[in-house]
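The structure appears below as structure tokens.
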Amino acid sequence: MLWIVGLFAVFLLGVPIAFSLGAVTLTGLLGTGLPMQVTVQQMIGGVDNFAFIAIPLFILAGNLMAVGGISKRITDFSESLVGHWPGGLGMVAIVASMIFAAVTGSAIAATAAIGALLISEMLSKGYSAPYAASLVATSGSIGPIIPPSIPLVVYGVIVSSSIAKLFMGGMIPGLLMGFFLMLANWLISRRRGYVGRAKRASFKELRQGFKDALLALIMPVIIVGGIVGGVFTPTESASVAVAYSLVLGGLVYRELSWKSIWEAFVSAAVTNGVILTVLMTARLFIWFMTVQMIPQSIAAALLSVIHTKWGALLVMNVILLIAGTFIDTTSAITIFVPLFLPLVKTFGIDLVHFGVIVAVNLTIGMCTPPLGVCLFVSCEIAKTSLREMFKDLMIMLIPLLAVLLLTTYVPSLVLWLPNALGL
């Protein structure tokens, strides 16, 4: 336990997570007499998995969608569907985020793309900047839940679980997050007078919006359908997403330039470099924890006070919610999942069910102060501050927490679809 306390102490000093993990582990290894070559072996082992290739590819696909005209067409189609409802632009942000999530698996990409298109328009229609930023940030958090999902890829590799089954397990909770956010937006908009477009879209407008977005809407069907149907692996599906984004944005919509393609590749490379560095040092830290029997000690300590499966899930939810507020998703998964696995196995918790619970917990953390990355993206676009949006943000987190409770205590919400598909 001393090493875990030390790790969080280093976090609080402001040291980047990857370096914190490495420094604490190396300090611990110095007193064990183990050869230092093991550090290199474990770090390489942390990223030596074919499934991890999907991570930079899904990030790249999201970047290309944002600048290739795909996200704009998704947003326009969403507006023709729900733009006339109370809080119409808010509804559009949520629906567009759900569709965008079914392609990229990234909360940051969804928040940036949808926020750039809609926040300024929301402000011009009378929405307050704190509310617009809060809504876009919480909507973007759906990204890692509706398949494909980068966090579920990382989790699936760590626990050796079926990624396809994890993807399908996240489908219903992800849709529920969107529907609950739409309900909250409807109630708030009616109270504050945020109106939608004057008239419902005509059938002709709806048909045109669908026609313009058709090729973009086919993309999730190809990606998710291909995985479920066994046509290609999640990694191969990520390659398909990149190729499709390049062809659609460059040759069909003709909105991709060589400069924007280069910037998309550089941004994806930088983000991937950060993620892989965390995965390498996290693998080293977890290996050291295992050698020191710390996961077993934590499980034994918790079992002395927890006697039911539901109590164990409650405790793990609380810990993950707190961790998600100041640790990025990839780091939290690689640190806490191995620590909780003995407890999960003791109570017979399904690994797919637990994986989706972890993903929902940590994706809520992406839009929760103080370090929710989606918040910083939406704040920057809306030109507001975390302090100003705190009240609206707390309201918009309620629907997400409700979905977390349902996901945790109604396992069939997660397990029904993958079982029905025979995965």
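The values are calculated or read from the model by the stated rules, or taken from the named source; none is laboratory data. Predicted model, so just to flag it, every value in this text is computed and none were measured. All Cβ positions, glycine included, derive from the backbone under ideal geometry; neighbour counts span all protein chains shown. To get the accessible areas, we keep the full protein, side chains included, count just its heavy atoms, and leave off ligands, DNA and RNA. Shrake-Rupley method; radii C 1.70, N 1.55, O 1.52, S 1.80 Å.
May I ask you to give the solvent-accessible area per residue for the chain, in square angstrom, as obtained with a 1.4 angstrom probe?
Values: 17480 Å² over 423 residues.
Per residue, the chain has an accessible area of 41 Å².
As I understand it, the value is the acute angle between the Cα axis of helix 351-365 and the longest principal axis of the Cα atoms of the chain; what does it come to in degrees, rounded to 10?
70 degrees
Given N residues in segment 172-268, what is its alpha carbon radius of gyration divided by 2.2 N^0.38 Å? Don't skip to the end; give the middle numbers.
Details: Rg = 18.3 Å, N = 97, 2.2 N^0.38 = 12.5 Å.
So the Cα radius of gyration is 1.46 times the expected 2.2 N^0.38 Å.
How far, in degrees from 0 to 90, does helix 54-67 lean away from the longest principal axis of the Cα atoms of the chain, to the nearest 10?
Taking the Cα atoms of the chain, the angle to 54-67 is about 20 degrees.
Can you give the angle from 0 to 90° between the axis of helix 386-409 and the longest principal axis of the chain, with both taken from C-alpha atoms, to the nearest 10?
Helix 386-409 sits at roughly 70 degrees to that axis.
In whole Å, what is the distance between the alpha-carbon centres of segment 16-71 and segment 357-388?
23 Å
Taking square-rooted eigenvalues a ≥ b ≥ c of the alpha carbon gyration tensor, is segment 132-224 rounded, prolate or oblate, where a/c under 1.5 means rounded and, failing that, a/b exceeding b/c means prolate? Show your work: numbers first, answer last.
Working: a/c = 3.26, a/b = 1.52, b/c = 2.14.
Because a/c hits 1.5 or more and a/b fails to exceed b/c, segment 132-224 counts as oblate.
Could you pull the Cα extents of segment 46-422 along its three principal axes, largest to smallest, in whole Å?
62, 45, 39
If you add up the charges near Glu79, with Lys and Arg at +1 and Asp and Glu at -1, over every other residue whose beta carbon is less than 13 angstrom from its beta carbon, what do you get? All intermediate terms of the calculation are to be shown ahead of the outcome.
Details: positive: Lys72, Arg73, Lys125, Arg197, Lys199, Arg200; negative: Asp76, Glu121, Glu205, Asp212.
Cβ neighbours under 13 Å give a net charge of +2.
So which of Lys309/Lys391; Lys72/Lys391; Lys204/Lys259; Lys165/Lys345; Lys165/Lys309 end up more than 26 Å apart, counting from Cα to Cα?
Working: Lys309/Lys391 34 Å; Lys72/Lys391 30 Å; Lys204/Lys259 36 Å; Lys165/Lys345 18 Å; Lys165/Lys309 22 Å.
Cα-Cα > 26 Å for Lys309/Lys391; Lys72/Lys391; Lys204/Lys259; rest within.
Let me make sure I get this right: for segment 330-381, a, b and c are the square roots of the gyration tensor eigenvalues over alpha carbons, sorted descending. Under 1.5 in a/c it's rounded, otherwise prolate if a/b > b/c, else oblate. Which is it?
On the way: a/c = 4.18, a/b = 2.75, b/c = 1.52.
Prolate, since a/c reaches 1.5 and a/b exceeds b/c.
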